[in-house]
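Some notes on the structure that comes next.
The values are calculated or read from the model by the stated rules, or taken from the named source; none is laboratory data. For clarity, every value in this text was computed on a predicted model and none was experimentally measured. In case anyone asks, the SASA skips ligands and DNA or RNA and just uses the protein heavy atoms, side chains included. Shrake-Rupley method; radii C 1.70, N 1.55, O 1.52, S 1.80 Å.
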Amino acid sequence: MKKTIPGDGPVTIKKYANRRLYNTETSSYITLEHLAAMTREGRDFKVIDAKSEEDITHNILTQIIMEEEQRGQTMLPVPFLRQLIAMYGDSMQAMVPGYLEASMDSFRRNQQQFKTAVEGAFANSPFAELAKQNMAMFEVATAAFKPGGTPVMPGMPGASAATVSKDEEIAALKAELGRLNEKVEKLGS
């Protein structure tokens, strides 16, 4: 997940006594919202106290979580928070960070399986076929934008062995869109 784009290492953020955060990469002052966005983008950063040079990244990340929770974006249920607080000072405290990190890594790896399971919930609904067709159209459309990608329309004669010209692809997409519209209208009646 750690990604550094312009620099060779994590972006250094300095926190001054006046609580302002300074991004040394862009030479600009930023907010906690900027750091939250950087985190979501996978940018690696390190926050240091400008005076003491102490690494305070953990404190800042915790502060971001607190602000997100206060904003109504609650992700941490009260029972979980109570259990987490109870673990401080417990003999198992040293194991908790590693366990939580491994659990989150596992969750991220399994997101695709989770997505598939959620999509499977629609398998017996009238929208299942529409979802499959929309996904096929989306894959064809994205293939058209990939460098060196050669879009092929499934179901067209010779599609598995030959490439489809842009005009044929557009015509096939329009025909598919027409069929989908007809199905939607039938479902709406």
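Miscellaneous remarks
- Qualifying positions in segment 21-39 - on the phi < 0 side of the Ramachandran plot and of a type outside the set (A, V, I, L, M, F, W, C): Tyr22, Asn23, Thr24, Glu25, Thr26, Ser28, Tyr29, Thr31, Glu33, His34, Thr39
- Which numbered condition Ala50 fails, given (1) over 26 Å from the mean Cα position of the chain (by Cα); (2) open to solvent by 50 Å² or more (accessible area, probe 1.4 Å): (2)
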